[in-house]
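Q: Got a structure for you, written out below as structure tokens; questions coming shortly.
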Amino acid sequence: MTTHTEASTAVAGGTPRATAMPPPWRLPLLTIAAALLAAFMWPDQLGLISRVASTALLVLSLDLLVGYAGIATLGQSALFGAGAYGAGLFAQHVSGDPLIGLVVAAVAGAALAAASGAFLLRFEGFTLLMLTIALAQILLSLASTFRGITGGDDGLSDFTIRPILGLWEFDLEGRVGAIYAVAVLAVGLYLARRVANSPFGLSIRGIHESRARMAALGTPVRKRLIAIYAMSGALAGVSGAVTAQINGIVGLDSLGFALSAESLVMLVLGGAGNLSGAVVGASVFTLLHHTAASIDPYHWLFVIGVALMAVVLFPPAALAQQIWARLRAQRKASS
Amino acid sequence: MTLVLNILVDGVAYGMVLFVMAVGLSITLGLMKFINLSHGAFAMAGGYAVSVLAGTHGWNFWVALVVAVIATGAFGALLETLVLRHLYRRPELQQVLFTIGLTFFLVATANAIFGPQVRNIPLPSILSGSLDLGFRTLPTQRAFVLLAGLAAAGLLTWTVARTRFGIWIRASVDHADAASGLGIPIRLVQCLSFGAGAALAGLGGVLGAELMPLEPYYPLKYLVLMLVVVAVGGMGSIPGSLCAALVLGIVDTASKYLVSEWGSLLFFVAMGLLLAWRPRGILNR
């Protein structure tokens with residue numbers, strides 16, 4: 001029973017086990033290696049690789065909130081959309097430089113997160129969940145009302161992105177886009193790991209485990225939560241910007257409820273609270289989606305529905321643990 | 001003046017539909033602390049059942065309605081007994097994931113059985129006429145929605161306030177373990193209230209079919225709407241859900257009449273304000 005509950009909290013984004021801290025460069029390097037391998041094996045699927053990478057960045061931003069800080073949210077698309085529209089509008093009106101666009105999107109996401117977080121983070125649990133949904137829906141309604149600025153249902157598409165650093169132009173094949181997305185993801189993973197391993201990150205984990213205890217120790221709980229929310233907003237904004245720059249269009253669906261729900265699903269599929277789960281979950285989900293949805297969108301719903309129910313009833317971490325224990329027992333028996 | 005009355009009549013009718021659909025979800029949340037995101041599927045099941053029985057097989061509408069509501073309730077109770085009750089003690093996130101997965105599964109199943117197109121529910125002649133109220137004509141279907149909503153609210157309140165079963169429910173909401181220790185058959189209470197909530201959602205699916213057309217994506221489309229009603233009303237509170245549903249229904253109808261280009265902006269702003277004002281429910285200080 002104990003092994004079961006331990007494993008299930010690990011899957012559900014419960015307390016991350018704070019034992020050995022992996023070095024911050026390991027996960028980015030592994031991710032780059034996996035992306036290179038994928039690019040060599042399927043050279044005609046570069047677009048898919050860049051989609052996986054930008055989605056992984058969004059899920060990573062969610063992991064900082066759900067997995068580390070224990071803030072349940074279904075409104076991550078608001079931050080993603082702020083970055084996407086921020087980058088798109090910046091490219092349309094000011095400058096098409098992609099890297100400055102990333103900075104603008106990060107600031108947009110962080111500013112929205114900090115401003116909304118000051119209000120949202122007063123609440124917890126189900127109320128917080130509903131308020132985050134409301135925020136995203138309000139932004140969605142605003143974006144579709146002010147169609148003069150955002151393009152409404154047609155999407156924001158009349159912007160051009162200049163070559164990266166003036167050297168590499170985004171090509172139709174998607175090679176530069178894929179490298180760009182993976183590189184930004186690697187930087188994001190590195191920064192997120194640095195944050196998670198820092199004393200600040202540890203205090204966030206502490207707040208997740210017991211707010212009352214951390215407050216008693218003198219930690220400014222609300223300020224720390226707003227800070228991690230703003231960091232998550234910056235990452236989500238960058239993810240939106242990468243998506244906007246590579247696709248050349250920002251649609252209303254970048255603020256939609258489906259995106260928030262799907263990114264949460266990806267996080268749980270991969271495992272919350274250890275950052276690597278974000279990459280694994282985003283890859284598995286996006287590949288499944290790509291394969292199943294190419295047959296029939298309802299087919300996809302069937303697959304993901306069954307997968308979700310199975311993940312909850314038979315958590316992968318618990319299964320892995322059981323298999324591991326059985327293997328060890330066998331080895332012991334044979335030796 | 002006429003505009004205000006129009007908004008009130010349509011808003012209250014819409015609110016009644018929201019209440020009937022969402023109250024079961026509120027009970028499940030309050031009683032079992034179970035977040036059931038697949039609740040919309042019960043509304044869809046009720047709608048499809050009437051559409052098949054009355055439309056395809058040509059049953060009498062009222063017979064079909066009663067059979068559909070009972071069948072939806074039984075479906076809910078069965079689902080609860082077989083699967084969902086094992087998730088009551090799991091963390092919230094797992095409940096959310098499982099039930100959203102179940103919703104996806106049921107959406108795909110509904111598409112496989114009924115096809116992707118919108119199904120309509122054939123109304124009997126008495127419901128397709130209209131009543132003259134003096135300042136406007138009220139479709140009898142709307143009047144039926146109002147009456148059915150009032151009846152459901154009254155019946156629920158009476159059950160909870162006056163009957164032995166209501167006492168059991170209130171005791172279980174307050175403290176499930178203590179209630180169980182006092183000999184209240186808590187499993188029966190949970191299963192029956194889940195089934196009743198599902199049956200009501202099925203009724204809501206039929207009542208609201210005019211406003212919320214019946215199609216496979218139905219449970220996902222109107223999920224947020226139901227959650228909003230439950231959150232604003234406060235978990236487990238029947239009068240709270242009614243109050244929240246009416247307020248939100250009127251706000252949404254008013255914004256459709258007056259500033260239709262703003263979409264659902266006002267609805268969610270109203271929800272945010274109400275939640276910020278009373279986070280534990282509109283009637284709970």
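The values are calculated or read from the model by the stated rules, or taken from the named source; none is laboratory data. Here the structure is a predicted model, which is why all the values come from computation and not from measurement. Cβ sites come from the backbone with ideal geometry, for glycine too, and all protein chains shown count toward neighbours.
Q: Are any of the residues in segment A:209-219 modelled with pLDDT of 90 or more, more than 25 Å from A:T160 (Cβ to Cβ) and buried (at least 20 other Cβ atoms within 10 Å of the Cβ)?
A: Checking segment A:209-219: not a single residue is modelled with pLDDT of 90 or more, more than 25 Å from A:T160 (Cβ to Cβ) and buried (at least 20 other Cβ atoms within 10 Å of the Cβ).
Q: Quick one: B:R280 ticks every box in (1) more than 25 Å from A:G256 (Cβ to Cβ); (2) basic (K, R); (3) part of a helix (DSSP H, G or I) except a single one, so which number is it?
A: Every condition holds for B:R280 apart from (3).
Q: Can you tell me which of A:T150, A:T145, A:T127 is of a type in the set (S, T, Y) and touching a strand residue (DSSP E or B) at 6+ places or on another chain (Cβ under 7 Å)?
A: A:T150 is the lone residue from the list that is of a type in the set (S, T, Y) and touching a strand residue (DSSP E or B) at 6+ places or on another chain (Cβ under 7 Å).
Q: Among the residues of segment A:11-26, are any surrounded by fewer than 23 Cβ atoms within 10 Å (Cβ to Cβ), modelled with pLDDT under 90, hydrophobic (A, V, I, L, M, F, W, C) and in a helix (DSSP H, G or I)?
A: For segment A:11-26, residues surrounded by fewer than 23 Cβ atoms within 10 Å (Cβ to Cβ), modelled with pLDDT under 90, hydrophobic (A, V, I, L, M, F, W, C) and in a helix (DSSP H, G or I): absent.
Q: Here is a check on your reading of the model: is A:L185 modelled with pLDDT of 90 or more, part of a helix (DSSP H, G or I) and surrounded by 21 or more Cβ atoms within 10 Å (Cβ to Cβ)?
A: Yes; evaluated as a whole, the condition is true for this residue.
Q: Here is a check on your reading of the model: is A:T291 closer than 30 Å to A:G201 by Cβ, among the hydroxyl-bearing types (S, T, Y) and part of a helix (DSSP H, G or I)?
A: Taking the combined requirement at face value, the residue does not satisfy it.
Q: (1) within 14 Å of the chain's Cα centre (by Cα); (2) away from chain A (no Cβ under 14 Å); (3) surrounded by fewer than 22 Cβ atoms within 10 Å (Cβ to Cβ): which one isn't true of B:F165, the others all being true?
A: Of (1) within 14 Å of the chain's Cα centre (by Cα); (2) away from chain A (no Cβ under 14 Å); (3) surrounded by fewer than 22 Cβ atoms within 10 Å (Cβ to Cβ), only one is false for B:F165: (1).
Q: Checking the condition facing chain A (nearest Cβ under 10 Å) and surrounded by 19 or more Cβ atoms within 10 Å (Cβ to Cβ), which residue from B:M226, B:M271 passes?
A: Going through B:M226, B:M271 in turn, the sole match is B:M271.
Q: Given the residues A:A38, A:A72, which is the only one that is within 11 Å of chain B (Cβ to nearest Cβ) and surrounded by fewer than 23 Cβ atoms within 10 Å (Cβ to Cβ)?
A: A:A72
Q: Scan segment B:191-213 for residues that are touching a Phe, Trp or Tyr at 6+ places or on another chain (Cβ under 7 Å) and at pLDDT below 90 and jot them down.
A: Correct list: B:L211, B:M212.
Q: Oh, and also: Only residues that are among the β-branched types (V, I, T) and within 14 Å of chain B (Cβ to nearest Cβ): list them for segment A:297-327, please.
A: Of everything in segment A:297-327, those that are among the β-branched types (V, I, T) and within 14 Å of chain B (Cβ to nearest Cβ) turn out to be A:V303, A:I304, A:V306, A:V311, A:V312.
Q: Being more than 12 Å from every other protein chain (Cβ to nearest Cβ), within 16 Å of the chain's Cα centre (by Cα) and closer than 25 Å to B:N284 by Cβ is the requirement here; does B:G204 meet it?
A: yes
Q: All but one of (1) closer than 15 Å to B:L211 by Cβ; (2) surrounded by fewer than 24 Cβ atoms within 10 Å (Cβ to Cβ); (3) touching a Leu at 6+ places or on another chain (Cβ under 8 Å) hold for B:D10; state the number of the condition that does not hold.
A: All conditions are met except number (3).
Q: Pick out the one residue from B:G55, B:G40, B:G30 that is of a type outside the set (D, E) and either more than 14 Å from chain A (Cβ to nearest Cβ) or not in a helix (DSSP H, G or I) (or both).
A: Only one candidate qualifies: B:G55.
For (1) crowded, with 18+ Cβ neighbours inside 10 Å; (2) in contact with a Gly (Cβ under 7 Å, 6 or more places away or on another chain); (3) part of a helix (DSSP H, G or I); (4) away from every other protein chain (no Cβ under 14 Å), each residue gets a yes or a no:
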site	(1), (2), (3), (4)
A:A106	yes, yes, yes, yes
A:G109	yes, yes, yes, yes
A:A134	yes, yes, yes, no
A:F170	yes, yes, no, yes
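Q: Taking the conditions exactly as written (surrounded by fewer than 22 Cβ atoms within 10 Å (Cβ to Cβ), under 30 Å from B:A178 (Cα atoms) and either more than 16 Å from the chain's Cα centre (by Cα) or at pLDDT 85 or above (or both)), does B:L78 satisfy them or not?
A: yes
Q: Among the candidates A:S263, A:S276, A:S294, A:S334, single out the residue that is under 21 Å from A:L65 (Cα atoms), away from chain B (no Cβ under 14 Å) and of a type in the set (S, T, N, Q).
A: Of the residues listed, the single one that is under 21 Å from A:L65 (Cα atoms), away from chain B (no Cβ under 14 Å) and of a type in the set (S, T, N, Q) is A:S276.
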